[in-house]
Amino acid sequence: MLSLLSKFPEQFTPRGIQKEIISEIEASFDSGYKKIILCAPTGVGKSLIGSTVAQYFDSSFTVTASKHLQNQYIQDIKFLKSVKGKQNFPCLKLMESEKVENSRRAIRWGLTCYKGQCQERVNKNGKEIVEVCKFKPTIKQVEEKTYDSESCHYYLQKYEALVSKHSLWNYHAFFQIMKFNKKLFADYLDRKVSVFDEAHKIEDQIIQFVGFDIFSGHVEECNLNPEKYNFTDLDSIIQLTDDIAFSYAKKIKDIKESSRFQKDPDYELISRLERRYDRAAQAKIDIMSDKDNFVVNDPIKDLNGNFRTISVKPIDVSQSAKAFFETEYQIFMSATIDKNSFCENLGLEKDSIAFVDAPKSPFPIENRRIDLLNIRRLSYGSTEEDELEVIKVIDRILDEHSNERGLILTSSIPRCEKILRYLSPKNTRRIRVCHSSNKDGKTQDETISEHASDPRGVLLSSSLWEGVDLKDDLSRFQIVAKVPYPNYKEKRTKAKMDKFPLWYTSQTLTKLLQGFGRSIRSENDQARTYVLDTAVNNVFFKAQQMIPKAYYDVLGMDT
C-alpha cells in the first residue's frame with residue numbers, strides 16, 4: 001500500500017516538520033485510530049497535511065471556518081471542489097429582470113443568489129403553482145454534464161462539489177447540508193474521511209444551528225407585546241418563539257388569501273416570512289427535544305433599557321455534533337486545540353482519538369517574542385487606577401513603535417472606548433477601532449484596508465483575536481491589554497463551567513494564543529507581543545497541560 005507521504009500534493013515539496021507530522025498521523029492510522037487531533041502552529045502548513053490525508057483515502061470532505069483559509073485551499077489544492085455561499089454569486093434571474101449584464105456589477109449592487117428566489121409561487125390560469133428558477137440545474141444534470149451553459153453559478157459549484165471525490169466547505173454550508181439535506185443528497189455524501197480545519201471553532205459553529213436569537217424587530221413585526229414575556233425564563237421564551245412562529249404563519253396565510261385574485265402577489269415577501277417561520281418553528285423543536293440543555297442569556301438592551309436581542313443557546317453540543325462526524329475517518333486540525341477539553345465538549349471518546357502535537361514552531365523565536373509585562377490585573381473588580389496604569393503603558397509602547405503599524409487587543413467594546421479616551425492625543429490619532437460591525441458603518445475588511453494605507457496606523461479591537469491576517473508590516477507589534485476570559489456573567493458561561501470543568505480555561509487559552517498569532521504569519525515575518533494583564537500568569541498556570549508544545553520556547557516552559 002502507498003505511504004501517506006506519497007499523497008502529499010505533488011506541486012509542493014514537504015518540509016521536515018510536515019514529514020514528521022505525516023509520519024505520526026500514519027502511525028496513528030496503522031495503530032487502529034480513525035480519529036486524530038492535530039495541533040500545529042501557523043506556518044506548519046496544516047492545509048497541505050490535511051490535503052495529504054484527503055487524497056490518501058480517495059474521497060473526502062474538507063471543512064474550514066474562514067473565507068481566507070478557504071481561498072488558500074482553492075489556490076493551493078486543485079483537486080478540491082469548493083462550495084461558497086450564495087452571496088458570492090450573481091443571481092442570473094435578477095440580472096435578467098434588472099437588465100444587468102455584468103456579473104461583478106450585479107454582485108456589487110446586491111443582485112446575488114442570496115437575494116434571488118430559487119422557487120417561487122406563481123399564478124397560472126388562476127391556480128397557484130411552485131415554479132423552479134429556469135437557471136437552476138439538477139444535480140443529475142451536473143453529474144452527467146448535460147446542464148445548460150447559462151446555468152446558475154452557485155448551484156453548479158455546489159453540485160460539482162457533491163459529485164466530485166473531494167470537496168471543500170465552510171462550516172455553515174457543511175452543517176446546513178448535513179442537518180437539513182442529508183436525505184436529499186444521501187447518494188453524494190458517502191465519503192471516507194472528513195478534514196476539519198480550524199477545529200477549535202466547531203462548537204461556536206454548531207451553536208449557530210441549534211441556538212436561536214430573537215431580535216426586537218421580529219417581535220415588532222409580529223405585533224407582539226414584549227412586556228408579556230419574562231426574558232429570563234426559558235418557558236416564557238419558548239412561548240415567545242411559538243407566538244412568533246404562529247404570527248408568521250398567520251401573516252403568510254393572510255397574504256395568500258388576500259392575493260388570490262391578484263395577478264402578481266408579493267411572493268418575495270411570502271418567501272421571507274416563510275424563512276422566518278421555519279427558523280422559529282425549528283428552534284422550538286430543537287429546544288423542546290432537550291429542554292434542560294438550553295439556557296436563556298440575559299437580553300441585550302439599548303440605551304433606553306429596551307431589549308434588542310435575546311439568545312437561547314445549548315449548553316452541551318455533543319448530541320448535535322454527532323450528526324456532522326459521520327465519515328469513517330476524521331482529522332481535526334488547529335493551531336490551538338486541547339485534546340481533553342475538545343473531546344469533553346464534543347462528546348468524543350478520548351481513548352479512541354490520537355493526538356499529534358507539533359513539537360516546535362517553524363518560525364525563529366527571535367521573530368515572535370512575547371513580553372509578559374505584568375502591569376496590573378484587570379477584571380470586573382479592577383480599580384480606575386489599574387485601568388489607567390495599563391493605558392499609560394499602552395501609550396508608552398505606541399511611542400516606542402511610533403513609525404510602525406500595530407494591533408491592540410482587549411476584551412470588550414467598553415474597554416476599547418476607555419483606551420481611546422485616555423490615550424495621548426498624538427497616539428489617539430493613530431487608532432482605528434475595528435470590530436465585526438462598527439459605528440461608522442464600515443466593515444471589518446474596510447477598516448483593515450484603510451489601516452494598510454496608514455504607515456503608522458494601529459488597530460484597536462475586542463474581536464480581532466482570530467480570523468485576520470496582519471502579515472509583514474501590517475503589524476510589527478501587538479498589545480494584549482486584557483486577557484480574553486469568556487463573560488462569566490452570561491448564564492451559558494456559568495452553565496458550561498459547571499458541566500465542563502475544562503471549558504473556561506481552554507476557551508481563554510485558545511483565544512489568547514490565537515491573538516498571539518495575528519501578526520506573525522510566515523517564517524520571515526516578525527512582530528513583538530506585549531501582554532499587560534497579570535491575569536495571564538493564572539491562565540498559563542491553570543492551562544499547563546493544555547499549552548501546545550510549539551509555544552513552550554517562547555513562554556519559557558520546560559520541554
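The values are calculated or read from the model by the stated rules, or taken from the named source; none is laboratory data. Note that the structure is predicted; figures quoted are calculated from it, not measured. Please note: Cβ atoms are built from the backbone with ideal geometry, for glycine as well, and neighbour counts cover all protein chains shown. What goes into the accessible areas is simple: the full protein's heavy atoms, side chains included, and nothing from ligands, DNA or RNA. Shrake-Rupley method; radii C 1.70, N 1.55, O 1.52, S 1.80 Å.
Here is how the numbers come out for the structure above:
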item: For the chain, with +1 on Lys and Arg beta carbons and -1 on Asp and Glu, the positive-most of I337, N537, A280 along the dipole; result: A280
item: Of I394, Q18, H153, farthest towards positive along the dipole that unit charges on Lys, Arg, Asp, Glu beta carbons give the chain; result: H153
item: Cβ crowding within 10 Å averaged over residues, with 306-317, 365-376 ranked highest first; result: 306-317, 365-376
item: Accessible area per residue, Å², the chain with all protein chains present, probe 1.4 Å; result: 50
item: With every protein chain in place, the chain: carbon and sulfur % of accessible area (1.4 Å); result: 47
item: Inter-part distance where segment 172-199 and segment 388-410 are each reduced to a Cα centre, Å; result: 45
item: Expected 222 nm ellipticity per residue - DSSP helices of 4 or more, -39500 (n - 2.57), all of the chain, to 500; result: -12000 deg cm²/dmol
item: Segment 510-558-segment 49-121 distance, computed between alpha-carbon centres (Å); result: 35
item: Antiparallel DSSP beta bridges within the chain, as percent of all bridges there, nearest 5; result: 30
item: (1) 25.4, 79; (2) 22.7, 73; (3) 26.5, 93, with the label sought being that of the calculated Rg and Dmax of the Cα atoms in Å; result: (1)
item: Charge dipole (the chain, unit charges on Cβ, about Cα centre) - positive-most of L378, V142, L4; result: V142
item: DSSP H segments from the chain that extend 18 Å or more along their own axis, Cα-based, with Kyte-Doolittle mean of 0.5 or above; result: none
item: Qualifying lysines (Cα of each under 26 Å from Cα of K256; at least 8 residues distant if same chain); result: K93, K115, K124, K127, K134, K136, K284
item: Other-chain or far-sequence residues with amide H under 5 Å of F477's (modelled H); result: L407, R528
item: Anchor K34: lysines whose Cα lies under 16 Å away (excluding residues fewer than 8 positions away in-chain); result: K192, K322, K339, K350
item: Principal axis box of segment 33-123, alpha-carbon based, largest edge first, Å; result: 57, 30, 20
item: Whole-Hz couplings from phi, Karplus 6.51/-1.76/1.60, listed for segment 7-12; x for Gly and Pro; result: 9, 4, x, 5, 7, 10
